[in-house]
Amino acid sequence: MNVDFIKAQVRLLQGASSSERETLIKNIGVCAGVIRPGEYVTPQRKHAITLWLQTNAVRLRLPQLPLDLSGQKP
């Protein structure tokens, strides 16, 4: 797992469009080992990646997650 890559992807999520967000989330999931390369990101897999990010945010010192990924209501 490349922590610096994941941090960079999380930073890019902040201002990304919807299609870019899907790509960034998939990149994070593959790097974290949550999904395999080439797998389609279903809502369940996206949720699994989001849970992984929430669980590991402090340990990996990730930048603040966007509100829709952090589980908080805007």
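Within the range 41-64, count every residue that is basic (Lys, Arg) and either touching a Phe, Trp or Tyr at 6+ places or on another chain (Cβ under 9 Å) or exposed (fewer than 11 other Cβ atoms within 10 Å of the Cβ) (or both).
In the first step, residues of the range 41-64 are kept if they are basic (Lys, Arg); the result is 45-46, 59, 61.
If we keep only those that are either touching a Phe, Trp or Tyr at 6+ places or on another chain (Cβ under 9 Å) or exposed (fewer than 11 other Cβ atoms within 10 Å of the Cβ) (or both) as well, we get 59, 61.
Counting residues in the range 41-64 that are basic (Lys, Arg) and either touching a Phe, Trp or Tyr at 6+ places or on another chain (Cβ under 9 Å) or exposed (fewer than 11 other Cβ atoms within 10 Å of the Cβ) (or both) gives 2.
Among 69, 12, 51, 65, which is the only one that is aliphatic (A, V, I, L, M), at pLDDT below 90 and not in a loop (DSSP other than H, G, I, E, B)?
69
Are any of the residues in the range 21-40 β-branched (Val, Ile, Thr), surrounded by fewer than 10 Cβ atoms within 10 Å (Cβ to Cβ) and in a loop (DSSP other than H, G, I, E, B)?
no
The values are calculated or read from the model by the stated rules, or taken from the named source; none is laboratory data. No experiment lies behind these values; they were computed from the predicted model shown. Methodologically, a virtual Cβ is constructed for each residue, glycine included, from the backbone with ideal geometry; neighbour enumeration extends over all protein chains shown.
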